[in-house]
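Data first, discussion second: the structure below is written as structure tokens.
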Amino acid sequence: MEIAVVTQPDQIYNDSFKILLIYPNTQIKNLLNEYLKTLEKDVSIYLYEEQFDNHNPEWLMATINQSDFVYYDMDNTPPTVKFLDSYILSKNKTYWLTQGENMFYTFLSRKRLYNYDQLTDKIGGLIG
């Protein structure tokens, strides 16, 4: 098994399972790292947690489209990316996490995660 971590502006064009993490917190990174050690498939992890002056919406949208799984941590995302919320959530492969209440985003996507453990369950179901 091989795990590649990719950040902008790079892309990898291979047959690996591609996961995009948008502003993941440290707990998610650690959880995913431990989980990936148990897999036997190649995985490419795209990581988007750019600073304000390095925001690249074109790369982000292209990477969303080529990824097999998108994790979006809405609570850690800065305003420069928040304007893409509806685009990101409208993708069938996007799973999102927020501690916010009364979120109208559930009208766009019912793939809300309520805790961190759900992340590995969803990825495991897709990688098989």
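The values are calculated or read from the model by the stated rules, or taken from the named source; none is laboratory data. Quick caveat, the model's predicted, so the values are computed rather than measured. In this analysis, Cβ positions are derived from the backbone assuming ideal geometry, glycine residues included, and neighbour counts consider all displayed protein chains. Side chains included, ligands, DNA and RNA excluded: accessible areas come from the protein's heavy atoms. Shrake-Rupley method; radii C 1.70, N 1.55, O 1.52, S 1.80 Å.
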Accessible area in square angstrom per residue, the stretch 24-64, 1.4 angstrom probe: 56 Å²
Per-pair calculated FRET efficiency, R0 = 22 Å: M1 and D117 via Cβ, rounded to 0.05: 0.50
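Nothing charged except the Cβ atoms of Lys and Arg (+1) and of Asp and Glu (-1): what's the magnitude of the dipole of the chain about its Cα centre? Round to the nearest 20 debye.
Working: 11 positive and 17 negative charges, 88 e Å.
With Lys and Arg at +1 and Asp and Glu at -1, about 420 debye.
For N65 and K37, compute 0.36 nm times the residue count separating them, minus their Cα-Cα distance, and round to one decimal in nm. If you can, show how the numbers build up before the last one.
On the way: separation 28, 0.36 × 28 = 10.08 nm, distance 2.55 nm.
Fully extending the segment from N65 to K37 adds 7.5 nm.
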Approximate spin-label separation L84-D10, in nm, with each point projected 7 Å along Cα-to-Cβ: 1.9 nm
Relative contact order (%) - the chain, alpha-carbon pairs under 8 angstrom, separation at least six: 26 percent
